Structures are given as C-alpha cells and as structure tokens.
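Only one structure is covered here, and it is reproduced in the block below.
Please treat every number below as a calculation from the coordinates, not as lab data. Quick caveat: nothing in here was measured; it's all calculated off a predicted structure. Don't worry about glycine lacking a Cβ; one is built from the backbone with ideal geometry, like all the others, and counts go over all protein chains shown.
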Amino acid sequence: MQRPNVLALIFAAAAATVPALAQEATQPPREPDVIYLPTPREAVTTMLKAVNVGPGDVVYDLGSGDGRIPIAAVKEFGAARGVGVDIDPAMIREANDNADRAKVTDRVRFLNEDLFDTDLHEATVVTLYLLPWLNRKLIPKLKAELKPGARIVAYRFDMGDWKPDQTLIVNGQSIYVWRVP
C-alpha cells in the first residue's frame, strides 16, 4: 500500500484556497452603505478640536476611508490610539500605507469590518462622515457600547432626534458634537 504524499496534499489544499483568499482580500464582505468621500482636512482638524482629542483618547473613525482622521488624531492631537473601521479592503490598504508614511503604525490600526459589528467599548471618541440614516441606525450601538462622557463628532449629517450638544460650521458644512449621557 502506497502512502499519500502529505506535502502534495497540503499544497493541493492550499492551492484550492488561494482564489478564495485572494477574493476575500479584495472584495468587501458586503456592499458599502456609502461611497467614499474624504473628510476635508480643515474639517478633520475642527472635528478633533471640537471634542478635545488628547493623550487619554482612543479615537474610532467609522467609515475611515484613507485613514486621515485616526492618523491626525495621534499625530497632530496626541491621542493614545486611533482605530479606523472600513468595509472596503482597498481603503484599508490605502489607510495602512498612509499610516506607514506618517510613521504612526505603532498607535494606529485599521479594521476591515462592518462598522455595525465593530466593538466600540474602548473608544473615547467616535468620528463619523456617514449618511443621516446610517447615523440614526448607529445610535443604539453608540449609546450601548460607549461609556458615559464619550464624545461623538459627525461631519455634515446629524442623528435625527438625538440633538447635538454643539454644532459648528466649517466652509458651509456642519459639524455635530454629542456627549454620551
């Protein structure tokens, strides 16, 4: 009786999974809810100033795109850490490249996840540039997972019935700030 070549079996199994892994690495797990529009740099600065980001903060950016908000939070505002969440693997790769160029990979990470599945318990600040219906859909999650006093800041779109604690205008666009009760 001839023994099967174990290495051949391992390589065959690995080869069979490569196409699936390659597709997984390039395709979002589901269609994104919004198209990518970068938050203007001036708005990023105003958003992070409005919520007083500093050394004690862990900043989560939901729908982080190219990573500009988590990167700015740690590099320009001294946040302890920044976490970007995006469903699009291509955006995660770009964000990681940007973090590498900014030399902040020790304090910034990017998660290729659905923002509705991401655990937000460690966040002290959450930033958003999403559509109004998504902001409203996030309210129960934000209130359940964020600690009292955590800050939320959104560019352009509010959260419906949850009235902001502060509203600022930058270049004709609104920035909304909430504190979790």
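Summary of the geometry: the range 38-94 and the range 122-152, compared by the centres of their Cα atoms, lie 14 Å apart.
Structural descriptor for the range 37-97: relative contact order 34 percent, calculated from alpha carbon pairs under 8 angstrom and at least 6 residues apart.
Backbone geometry of the range 168-181 corresponds, through the Karplus equation with coefficients 6.51, -1.76 and 1.60 at θ = phi - 60°, to 3J(HN,Hα) couplings of 10, 10, 10, 6, x, 10, 7, 10, 10, 10, 10, 10, 6, x Hz, x marking Gly and Pro.
For A79, the residues 5 or more places off, or on other chains, whose built amide H falls under 5 Å of its own are V74. On the basis of the beta-carbon distance and an R0 of 25 Å, E76 and E31 show a calculated FRET efficiency of 0.15. Whole-Hz Karplus values for the range 61-72 come out as 10, 8, x, 6, x, 7, x, 4, 6, x, 5, 5 Hz, taken residue by residue from phi with 6.51 cos²θ - 1.76 cosθ + 1.60 and θ = phi - 60°; glycine and proline positions read x. Only the Cβ atoms of Lys and Arg (+1) and of Asp and Glu (-1) were treated as charged; on that basis the dipole of the range 129-180 about its Cα centre amounts to roughly 140 debye. Amide H to amide H, with H built 1.01 Å from N, S64 comes under 5 Å of V85, D86, counting only residues 5 or more places away or on other chains. Okay, which of the range 49-81 sit inside 11 Å, backbone N to the point 7 Å along the Cα-Cβ direction of T105? Nothing falls inside the zone, counting backbone N under 11 Å. The local environment of A73, defined by Cβ-Cβ distances under 15 Å, has a net charge of +3 under the rule Lys, Arg +1 and Asp, Glu -1. Here the extension length gained between E145 and R41 equals 34.6 nm, from 0.36 nm per residue of separation less the Cα-Cα distance.
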